Amino acid sequence: IKSHESWQGKHIDKDILCPGNKHYSPETCVLVSHDLNNLLCDSAARRGKCPKGVVKDGNRYRVRVGGGKNRNNVGSYATVEEAHRVSCKAKADYIREVAENLTDADTTDIERTRAGLLEHADIEERQWEYVHEETV
């Protein structure tokens, strides 16, 4: 495992390399920037009863991806199902973009972080199908 010379300002992340991981170890964790550490956050408390990636906005459902200064408004949708479908695709695309543009400022291990993020993008893209298959 690569030495962590550039650890300052980084956070230990246990989720990027191993989706669903609950164990901290050198094999399952990587040091990442604050923004990258928050990339896969669920934000359950903020979104209420809406599915991941969707926020109720009046009588419509809003989708945004990214965080902080990188937050992009994807759109507003009439149904929660449509908003969630769009959200899953937009989030997957955003994760892939972040993965392809990683630098040493983002992570202490670009290759392992990129591989983990690409796996998360695939999971995110399939999330809509999985959630809606259960309700049919």
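At 0.36 nm per residue, and after removing the present C-alpha to C-alpha distance, how many nm does the segment from H23 to I110 gain when stretched out fully? Before the final figure, lay out the partial values.
Working: separation 87, 0.36 × 87 = 31.32 nm, distance 2.07 nm.
Full extension of this stretch gives 29.3 nm more.
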Using only alpha-carbon positions, what ratio does the radius of gyration of the chain give when scaled by 2.2 N^0.38 Å? 1.11
Subtract the Cα-Cα distance of D42 and E129 from 0.36 nm times their separation in residues, and report this length gain in nm to one decimal. 29.5 nm
With springs only between Cα atoms under 10 Å apart, run a GNM on the chain and tell me which of G53, G66, G20 wobbles the most. G20
How large is the accessible surface of D35 in square angstrom, using a 1.4 angstrom probe and rounding to the nearest 10? 100
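Please work out the average accessible area per residue across the chain, using the 1.4 Å probe convention, and give it in Å². If you can, show how the numbers build up before the last one.
Numbers: 8270 Å² over 136 residues.
Roughly 61 Å² per residue, with all protein chains present.
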Scan the chain and hand back the longest stretch that contains none of the GluC sites (Glu not before Pro) lying in DSSP loops with at most 15 other Cβ atoms within 10 Å. 28-136
Output the relative contact order of the chain, whole-number percent, from Cα pairs under 8 angstrom with separation of 6+ residues. 22
Three-way shape label, region 12-76, alpha-carbon gyration tensor, a/c 1.5: prolate
Once ligands and nucleic acids are excluded and a 1.4 Å probe is used, how much of Y94 is accessible, expressed in Å² to the nearest 10? 40
Using a simple charge model, +1 on the beta-carbon of Lys and Arg, -1 on the beta-carbon of Asp and Glu, nothing else, what dipole does region 15-126 show about its Cα centre, in debye to the nearest 20? 800
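The values are calculated or read from the model by the stated rules, or taken from the named source; none is laboratory data. Just so you know, these numbers come straight off a predicted model, no measurement behind them. Counting neighbours? That spans all protein chains shown, and the Cβs are built from the backbone with ideal geometry, glycine included. SASA here: full protein model, heavy atoms, side chains in, ligands and nucleic acids out. Shrake-Rupley method; radii C 1.70, N 1.55, O 1.52, S 1.80 Å.
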